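K.L.:
Structure provided below as structure tokens; questions to follow.
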Amino acid sequence: MKKLKVILGIMAIALVTLTVFSCKDTKKSDDSKNENHMEMNDSTINHSDDENMEMNHQNMQNDNTMDGSQKSSKISAILDNYLQIKNALVADDTEKAATAGKNLYTAFDQFDSSSIVEAQKKEVNEILDAAREHAEHISGNSGKMEHQREHFEILSKDVEDLIAITGTDRKLYQTFCPMYNNKKGAIWLSEYKEVKNPYYGSKMMTCGTVKKEI
């Protein structure tokens, strides 16, 4: 009988000990799972933050690219027709200069300044108004080459001022003729680095110096 009690006592102690260790192991397992879950959550959050930052950076780049593209496209038609006037004057072709002047007048009319920042909008509109007038004079004076060239001189300054604000969709060269306007000089914009003078044409074709690249 005493032996039976001893055996039962030993079994009870063993059972209690086994239960305690089992509980500890279960707790360790649960704690380990919780830690792993927290690490996964942290990793997911950090990864998500990195992705969001990268997406925001890409969006900013796209916006900037779009802005630049929009600004350049706005000036494209103006530059096309301005350069046609310049090339017509180089060739002493007053009729082509008049046609290009008419097209330039239309390009100025169609220029949309709504996306120009408010601080510069007034200046842009003033430039457009003045340049439109010179384009009109060039258009309406076919056969009067010197008159066209006089207005082309001022028009060139207006176009240069305009692209300083809007940007340009192509490489241009500012060239200076020291002889024009009683040796006061005058600038023009060209798509070529080679000097071809629109103020004197065939009389002094190479008179001038490239001053800067735009």
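K.L.:
Return the residues of segment 138-169 that are acidic (D, E) and at pLDDT below 95; say none if nothing qualifies.
P.N.:
Selection gives D169 alone.
K.L.:
Same structure, new question: Kindly indicate whether any position in segment 102-125 is among the aliphatic types (A, V, I, L, M), over 32 Å from the mean Cα position of the chain (by Cα) and either crowded, with 16+ Cβ neighbours inside 10 Å or closer than 21 Å to K196 by Cβ (or both).
P.N.:
No, because not a single residue in segment 102-125 is among the aliphatic types (A, V, I, L, M), over 32 Å from the mean Cα position of the chain (by Cα) and either crowded, with 16+ Cβ neighbours inside 10 Å or closer than 21 Å to K196 by Cβ (or both).
K.L.:
Related question: How many of the residues in segment 155-214 are out of contact with any Leu (no Cβ under 8 Å at 6 or more places or on another chain), farther than 29 Å from Q120 by Cα, touching a residue at least 12 places away in the same chain (Cβ under 8 Å) and not aliphatic (A, V, I, L, M)?
P.N.:
Residues that pass the stated criteria total 13.
K.L.:
Report the residue count in segment 136-166 for those that are of a type in the set (F, W, Y) and surrounded by fewer than 16 Cβ atoms within 10 Å (Cβ to Cβ).
P.N.:
Within segment 136-166, residues that are of a type in the set (F, W, Y) and surrounded by fewer than 16 Cβ atoms within 10 Å (Cβ to Cβ) number 0.
K.L.:
Another question, if that's okay. Are any of the residues in segment 167-177 more than 16 Å from K86 (Cβ to Cβ) and either exposed (fewer than 14 other Cβ atoms within 10 Å of the Cβ) or under 32 Å from the mean Cα position of the chain (by Cα) (or both)?
P.N.:
yes
The values are calculated or read from the model by the stated rules, or taken from the named source; none is laboratory data. Everything numeric here is computed off the predicted structure, so don't read it as measured data. Glycine also receives a Cβ, built like all others from the backbone with ideal geometry; neighbour counts cover every protein chain displayed.
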